[in-house]
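S.K.: Pasting in a structure now, in structure tokens, and then I'll have a few things to ask.
The values are calculated or read from the model by the stated rules, or taken from the named source; none is laboratory data. Just so it is clear, the model here is predicted, and its values are computed rather than measured. Note: ideal-geometry Cβ built from the backbone for every residue, glycine included; neighbour counts use all protein chains shown.
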Amino acid sequence: MFHFEDGEVILIDKPLDWTSFDTVNFIRSLVNRCYGIRKLKVGHAGTLDPLATGLLILCTGKMTKQIDSFQAQVKTYTGSILLGQTTPTFDLESEPNAFYPIDGITPEQIEAARQQFIGDLKQYPPKYSAIKIKGKRAFDYARSDEEIELKARDVRIDDFKISLDRFPELDFEVTCSKGTYIRSLANDFGKALGNGACLTSLRRTRIGDFKVEDAWPLEKLRQHIVDTGDEFKAWKKEQEEKQQK
């Protein structure tokens, strides 16, 4: 049984098309309905885009104070990059805006490009991102065709593995620091090849020592909270009766 107000760290395998904020709101509303807890503090440790799946750390109650420490930990992602095209969002959320021939790309060129993205890097966030500039999200500027200046950020990529088995779609695994945009990595990788590229799938598999294999599928977590709601209410009533004696 969860003790949400005392503080819980809940690992969730975020499904496709859900935002991180959707997930937080869903759990907060569910706990309110099933446990009778209003105004529960719930937050997540690291945003995942709607088109990404995988590990999302949710903190409740007193454990929300630990969010910054979880966010700072190294993360691992798997996914796929498609060569030969770019999109405004750097992934498949938008339609392609340019195409490039891929016939001349060699394994040697891919390896040379890969090595450019190991270590400490300067990286520009995507125009379509949730980063705030003057109190407004970058994607809001992009959607209204307003020009903004995005500043490069210091990031670190500890490992970047690439498989050529499905060329021109490249499967990858990357281990990186807080603040690394994998969509930007895909776009920059295409530029390093003198070509174009966009992210076609993304899954976060690890944050520090937390692994997606240990995470709740959202539907199973929903059912667990529903099933234990009555148990919690009975336990809380018992505690209140003890205090009154």
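S.K.: Write out, first by first residue and then by second, each pair whose Cβ atoms fall under 9 Å of each other, whose residues are 6+ apart or on separate chains, and whose first residue, in segment 178-196, is farther than 12 Å from residue 124 by Cα and free of Cβ contacts under 8 Å to residues at least 24 places away in the same chain while the second is of a type in the set (S, T, N, Q) and surrounded by fewer than 20 Cβ atoms within 10 Å (Cβ to Cβ).
M.R.: Pairs found: 194/109.
S.K.: Among the numbered criteria (1) assigned to a strand (DSSP E or B); (2) in contact (Cβ under 8 Å) with a residue 40 or more places away in the chain, which one does residue 49 miss?
M.R.: All conditions pass for residue 49, except number (1).
S.K.: Mind listing whichever residues of segment 79-103 are β-branched (Val, Ile, Thr) and crowded, with 18+ Cβ neighbours inside 10 Å?
M.R.: 81, 86, 87, 89, listed by residue number.
S.K.: Among the residues of segment 14-46, write down those that are under 17 Å from residue 207 (Cα atoms), in contact (Cβ under 8 Å) with a residue 40 or more places away in the chain and buried (at least 20 other Cβ atoms within 10 Å of the Cβ).
M.R.: 14, 45
S.K.: Tell me, please, whether a residue that is touching a Pro at 6+ places or on another chain (Cβ under 7 Å) and either in the same structural domain as residue 35 (by TED's automatic domain parsing) or surrounded by 15 or more Cβ atoms within 10 Å (Cβ to Cβ) (or both) can be found in segment 204-227.
M.R.: Yes; the residues of segment 204-227 include at least one that is touching a Pro at 6+ places or on another chain (Cβ under 7 Å) and either in the same structural domain as residue 35 (by TED's automatic domain parsing) or surrounded by 15 or more Cβ atoms within 10 Å (Cβ to Cβ) (or both).
S.K.: Answer with yes or no whether residue 206 is in contact with a Lys or Arg (Cβ under 8 Å, 6 or more places away or on another chain), in contact (Cβ under 8 Å) with a residue 24 or more places away in the chain and among the basic types (Lys, Arg).
M.R.: yes
S.K.: Filter segment 4-40 down to residues that are part of a loop (DSSP other than H, G, I, E, B) and either hydroxyl-bearing (Ser, Thr, Tyr) or under 20 Å from the mean Cα position of the chain (by Cα) (or both), then give me how many there are.
M.R.: Within segment 4-40, residues that are part of a loop (DSSP other than H, G, I, E, B) and either hydroxyl-bearing (Ser, Thr, Tyr) or under 20 Å from the mean Cα position of the chain (by Cα) (or both) number 5.
Here is a yes/no grid of residues against (1) within 19 Å of residue 16 (Cβ to Cβ); (2) modelled with pLDDT under 95; (3) not assigned by TED's automatic domain parsing to the domain that holds residue 116:
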{"position": "167", "(1), (2), (3)": "no, no, no"}
{"position": "172", "(1), (2), (3)": "yes, no, no"}
{"position": "176", "(1), (2), (3)": "no, no, no"}
{"position": "182", "(1), (2), (3)": "yes, no, no"}
{"position": "229", "(1), (2), (3)": "no, yes, yes"}
{"position": "234", "(1), (2), (3)": "no, yes, yes"}
